[in-house]
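Novice: Below: one structure in structure tokens.
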């Protein structure tokens, strides 16, 4: 999810992977893996991307978080994934009032 999105934004802006690697203070092979989804972008790098591309940081962070949840759950069977998501929602609702 997140990797293809940052690749699409990079291409829309006519930037090279090398330029993004410099911005995110990483090397080009690592950045390439981020676009492919083989490596995760760090949380602190998301605001830098939002600023560069002039997109809503909250929306980009939401996509980044969803990508992380997907990465954790993708190997599990569908019922277990959905049950885990439902349980997490319950935890959030219970702790929302704290």
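Novice: Among the numbered conditions (1) in a helix (DSSP H, G or I); (2) in contact with a helix residue (DSSP H, G or I) (Cβ under 8 Å, 6 or more places away or on another chain), tell me where residue 82 comes up short.
Specialist: (2)
Novice: Within region 65-76, how many residues are outside any helix (DSSP H, G or I) and either at pLDDT 95 or above or surrounded by 13 or more Cβ atoms within 10 Å (Cβ to Cβ) (or both)? Explain how you work it out, then say what you get.
Specialist: Taking region 65-76 and keeping what is outside any helix (DSSP H, G or I), we get 74-76.
Okay, now just the ones that are also either at pLDDT 95 or above or surrounded by 13 or more Cβ atoms within 10 Å (Cβ to Cβ) (or both), so none.
So the answer is 0.
Novice: Looking at region 24-42, which of the residues that are surrounded by 15 or more Cβ atoms within 10 Å (Cβ to Cβ) and either assigned to a loop (DSSP other than H, G, I, E, B) or modelled with pLDDT under 95 (or both) is farthest from the chain's Cα centre (by Cα)?
Specialist: Only one residue tops the list, namely 26.
Novice: Could I ask something else about it? Among the candidates 50, 8, 88, which residue alone is at pLDDT below 95, out of contact with any strand residue (DSSP E or B) (no Cβ under 9 Å at 6 or more places or on another chain) and in a helix (DSSP H, G or I)?
Specialist: Values: 50 fails: at pLDDT below 95; 8 fails: at pLDDT below 95.
One residue alone meets the criteria, 88.
Let's see how each residue does on (1) without any contact (Cβ under 8 Å) to a residue 40 or more places away in the chain; (2) surrounded by 12 or more Cβ atoms within 10 Å (Cβ to Cβ):
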residue	(1), (2)
15	yes, yes
50	yes, yes
63	no, yes
93	yes, no
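The values are calculated or read from the model by the stated rules, or taken from the named source; none is laboratory data. Keep in mind it's a predicted model, so treat the numbers as computed, not measured. Counting neighbours? That spans all protein chains shown, and the Cβs are built from the backbone with ideal geometry, glycine included.
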